[in-house]
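Have a look at the structure below before the remarks.
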Amino acid sequence: MYIIILTGFLFYILIFPQESVSAAALGLNLWYEKMLPTLLPFSILSYLVIHSGILDGFTLMLHRVLKHLFPVSSAGIYPLVAGLLFGFPMGSKITSELVLAGKITREEGQRLFCVCNNISPMFISSFILNDCLGRPDLRTTSYLILYGPPLILYMLMNSRRSFTSPVNGNFPKKTTSMSFQIIDAGIMNGFETLAKLGGYIMLFAILAQMTMLLPLSNPVLKCIFIGFTEITNGISCTAEQNMTIQTAYPLMMAFTAFGGLSGFAQTASMVKGTGFSMVPYVRMKLFGTVTAFILAFLFVR
């Protein structure tokens, strides 16, 4: 299968060089203008927060309240909140770093990264609702549709579990330490992470362009193929088809909940070295995709 995919990429680039360069430029432009300035500072700061222990005491106090509502350890609060606020793929990256740093168990990390690796609210409100749909009034509804079902399922599946940190949930009194060595490591870690994301975005932008060659006369099917490959191109394609809101909105919510094959590859890259299985992640994404499409369809109807 890998040989077929690589051969297909090679032939497409050779036969359609102009389209390939255009798609690669579009993907890299998206990475440079949207992801790099947004995610790089946060990636560096997250590394510093985790490895310096700055938030350990704060999350421990916050855990005393949230543990009655959400099954998570004190250290696990950070990727849960950060993943929802700052979006994909930071949730999986932070969870992976916490596991490797020994601040949460591998079992909790495996379960947690399935629900905290979501598309950011800023992307949903600005790009999808404002730019593509012109319906900013759907902001709250979209947040509930995309974030609500996975969180509720996580709570139900882990309601009888009690996650604690590898040190039994009690951090030493003095865990905060900051040095130029940690800062340098955080900067290099941030650039390495964003460089990987740029490569994946470029490759899947070309793959999304390749799907345009599929002999599909139905515009909805074409948008589905593109959207489940790479969500940005899929959402843009859906917006360009002049579909009704009853068709476009459920499709866009489904693409966003799934994250695309590009998102799957980026997530697998972020959790490399932790031993996480991607099977539960795919199941959670499929559950979110189906529920998002159904809820959005019922709402606009």
Legend entry - Flag for residue 165 being modelled with pLDDT under 80, over 29 Å from residue 292 (Cα atoms) and either charged (D, E, K, R) or surrounded by 17 or more Cβ atoms within 10 Å (Cβ to Cβ) (or both): yes
Legend entry - The listed residue being over 19 Å from the mean Cα position of the chain (by Cα) and at pLDDT 75 or above, out of 111, 106, 64: 106
Inset, instruction - For region 191-201, state whether one or more residues are crowded, with 21+ Cβ neighbours inside 10 Å and more than 30 Å from residue 46 (Cα to Cα). - result: no
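Which one of these is in contact with a Ser or Thr (Cβ under 9 Å, 6 or more places away or on another chain) and either surrounded by fewer than 23 Cβ atoms within 10 Å (Cβ to Cβ) or among the hydrophobic types (A, V, I, L, M, F, W, C) (or both): 253, 243?
Working: 243 fails: in contact with a Ser or Thr (Cβ under 9 Å, 6 or more places away or on another chain).
After applying the criteria, what remains is 253.
Select from region 74-87 the residues that are surrounded by fewer than 24 Cβ atoms within 10 Å (Cβ to Cβ) and either at pLDDT 80 or above or in a helix (DSSP H, G or I) (or both) and list them in ascending order. Write out each step before concluding.
Initially, region 74-87 is screened for residues surrounded by fewer than 24 Cβ atoms within 10 Å (Cβ to Cβ), giving 77, 80-82, 84-87.
Scanning region 74-87 gives 77, 80, 81, 82, 84, 85, 86.
Do you know which residues across region 1-57 are of a type in the set (Gly, Ala, Ser) and in contact with a helix residue (DSSP H, G or I) (Cβ under 8 Å, 6 or more places away or on another chain)?
Taking region 1-57 first, the residues of a type in the set (Gly, Ala, Ser) are 8, 20, 22-25, 27, 43, 46, 52-53, 57.
Correct list: 8, 20, 22, 23, 24, 27, 43, 46, 52.
Just checking, how many residues over region 108-121 are part of a helix (DSSP H, G or I) and in contact (Cβ under 8 Å) with a residue 40 or more places away in the chain? Steps first, answer last, please.
So in region 108-121, the residues part of a helix (DSSP H, G or I) come out as 108-112, 121.
With in contact (Cβ under 8 Å) with a residue 40 or more places away in the chain added as a condition, the list becomes 108-112.
Total satisfying the criteria: 5.
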Inset, instruction - Among the residues of region 126-153, write down those that are within 16 Å of the chain's Cα centre (by Cα), surrounded by fewer than 17 Cβ atoms within 10 Å (Cβ to Cβ) and hydroxyl-bearing (Ser, Thr, Tyr). - result: 143
Inset, instruction - Please verify whether region 14-37 includes one or more residues that are in contact with a Ser or Thr (Cβ under 7 Å, 6 or more places away or on another chain), surrounded by fewer than 21 Cβ atoms within 10 Å (Cβ to Cβ), of a type in the set (A, V, I, L, M) and outside any helix (DSSP H, G or I). - result: no
Inset, instruction - Search region 178-203 for residues that are part of a helix (DSSP H, G or I) and pair each with any residue that is of a type in the set (Val, Ile, Thr) when their beta-carbon atoms are under 7 Å apart and the residues are at least 6 apart or on different chains. - result: 186/44; 187/44; 190/44
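The values are calculated or read from the model by the stated rules, or taken from the named source; none is laboratory data. The shown structure was predicted, so the numbers you read here are calculated from the model rather than taken from an experiment. Here the Cβ is made from the backbone with ideal geometry for all residues, glycine too, and neighbour counts use every protein chain on show.
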